[in-house]
Amino acid sequence: MKAQAEFAPQRGRGVIDRYREFLPVSEATPIVSLGEGGTPLIFSPRLSAIVGRDCEVYLKYEGLNPTCSFKDRGMTVAVSKALERGVFSVICASTGNTSASAAAYAARAGLRCVVVLPAGKIASGKLVQAFAYGAKVIAIDGNFDDALVIVRELGQRDDFAIVNSINPDRIAGQMTAAFEIVDDLGDAPNLHLLPLGNAGNLTASWAGYREYQRAEKSATLPAMIGFQAAGAAPIFHGRVVENPETIASAIRIGNPASWKAASQAVADSKGAVDIVSDEEILTAQRWLATNEGVFVEPASAAPIAGLMKCCDASRNPAFSFARIPEGSRIVCTGAGHGLKDPESATAPTARLKTVAANEEAVLRAIDF
């Protein structure tokens, strides 16, 4: 009973309350929280076996945040600071997850929320969230990069606060995922693999590891490895992609806002940027769900596909696991829940057949 009593106050505290000393808030900041953070770091025995040599692979499952993505960590800080500054509206460009998070936290704060997004390019699970939380959704005839240009311009007005990752408050909040990983492992992992779209998550995670090391809460730093979809890989190719295309809508970005910062983080950490195909992403998504019981959206399966590539020297990975030390600890970020982007996983439902309501028919249908 004592252990239960001690644990109970930890529930639903939110990342600002837990990591206030590392975040740009003061006693005057009105905290807008939905109890984000505290997501599980799940040991993956089957991925660990694929890597071999006593290495341990963990999944940081950010799909269990309030709006089912990692964006909530930064949004609690960005919206709290917007409320502190006295603005009445927040605005964002989005491939989906940012719109859901911004809308939820704006609703919590009593602020208006405007979302600018590319028409026909947003997964249904994310679009539904934005509407459910009461956002004003504007669809444009263009891609995410076009949407962000418009948002940057509107953000110069006094009545809007931009809550994309170009806002440093967002990056500050997203550092907390790295804090939690270190808290759980006792030190930083050797490698951290992430999906790479607008590049804010990789940038923030690296900043978080460095911040914790400065505070002497960890002794080491990980190599940061980002994975882009082959059809939307500007950082990998070193050039803007005018018309990015990939099934992984969350990373369908041709000109990442945090490109420079993420590239510096990769270089400083002695990491790498690599690409995986849409087919590899969808295969990894299914594999993770059926072998580890963790369902992530396609973009979040990119680092799983990437890990498998890193283990196969014949595929010429940008970062070969053949050179990592025995017993290395590897973290893969699952940035969003699979139900955020259900279209990619619904094919089996179309093949579902109805059988008679009796034991014999059900046994025949089971057919193991």
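Residue 153 to residue 84: FRET efficiency via 1/(1 + (r/R0)^6), r the Cβ-Cβ distance, R0 25 Å, to the nearest 0.05?
Values: r = 24 Å, r/R0 = 0.95.
According to the calculation, E is roughly 0.60.
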- [ ] Tabulate in residue order the Karplus-calculated ³J(HN,Hα) for region 223-238, using 6.51 cos²θ - 1.76 cosθ + 1.60 with θ = phi - 60°, rounded to whole Hz; enter x for Gly and Pro.
- [x] 7, 9, 10, x, 10, 9, 6, 4, x, 8, 10, x, 5, 4, 8, x
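Using R₀ = 30 Å, calculate the FRET efficiency as 1/(1 + (r/R₀)^6) where r is the Cβ-Cβ separation of residue 363 and residue 290; round to 0.05.
Values: r = 22 Å, r/R0 = 0.75.
In this case the efficiency is close to 0.85.
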Open item on the list: Along the Cα→Cβ direction, 7 angstrom out, place labels at residue 355 and residue 237. What is the inter-label distance in nm?
Closed with: 4.8
Open item on the list: Suppose the Debye formula is applied to equal point scatterers at every Cα of the chain; what is log10 I(q)/I(0) at q = 0.06 Å⁻¹?
Closed with: -0.22
Task: Where 184, 146, 72, 278 fall by accessible area, highest first, once all protein chains stay in place (1.4 Å) - done: 184, 146, 278, 72
Task: Exposure of residue 292 as accessible area (Å², to 10), given a probe of 1.4 Å and all protein chains - done: 40
TODO: Kindly report, to the nearest 10 Å², the accessible surface of residue 349 as traced by a 1.4 Å probe over protein heavy atoms only.
DONE: 90
Task: Using θ = phi - 60° and Karplus 6.51 cos²θ - 1.76 cosθ + 1.60, couplings along region 17-23 (whole Hz; Gly, Pro as x) - done: 5, 6, 10, 3, 5, 9, 10
Task: Nearby aspartates and glutamates by direct alpha-carbon distance to residue 121 (threshold 18 angstrom, same-chain neighbours under 8 apart not counted) - done: 141, 145, 146, 242, 245, 278, 297, 341, 343
- [ ] Rounded, prolate or oblate: pick one for region 13-72, where a ≥ b ≥ c are the square roots of the eigenvalues of its C-alpha gyration tensor, a/c under 1.5 means rounded, and failing that, prolate if a/b is larger than b/c, else oblate.
- [x] prolate
Open item on the list: In whole percent, and with a 1.4 Å probe on the protein chains, what portion of the accessible area of region 155-297 is carbon and sulfur?
Closed with: 47
Task: Area projected by the alpha carbon convex hull of region 243-342, averaged over all directions, nm² - done: 7.4
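Expressed as a rounded percentage, what relative contact order does region 35-92 have, with Cα pairs under 8 Å and six or more residues apart?
This gives 30 percent for region 35-92.
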- [ ] Arrange the residues 237, 192 by how much accessible surface each exposes, largest first, with a 1.4 angstrom probe.
- [x] 237, 192
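Are any of the pairs 71/340; 270/309; 71/126; 60/340; 126/309 more than 20 Å apart by Cα-Cα distance, and if so, which?
Table pairs above 20 Å Cα-Cα are 126/309.
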Open item on the list: Quick one: 3J(HN,Hα) in Hz for region 183-192, Karplus 6.51/-1.76/1.60 with θ = phi - 60°, rounded, Gly and Pro as x.
Closed with: 4, 6, 8, x, 6, 6, x, 6, 9, 10
TODO: Using only the alpha carbons, work out the radius of gyration and Dmax of region 123-275 in angstrom.
DONE: 16.6, 49
Open item on the list: List the residues, sorted by chain then number, that are 5 or more residues from residue 232 or on another chain and whose placed amide H is less than 5 Å from its amide H.
Closed with: 245
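The values are calculated or read from the model by the stated rules, or taken from the named source; none is laboratory data. Since we're looking at a predicted model, the values are computed, not measured. We place every Cβ from the backbone using ideal geometry, glycine too, and count neighbours over all the protein chains shown. To get the accessible areas, we keep the full protein, side chains included, count just its heavy atoms, and leave off ligands, DNA and RNA. Shrake-Rupley method; radii C 1.70, N 1.55, O 1.52, S 1.80 Å.
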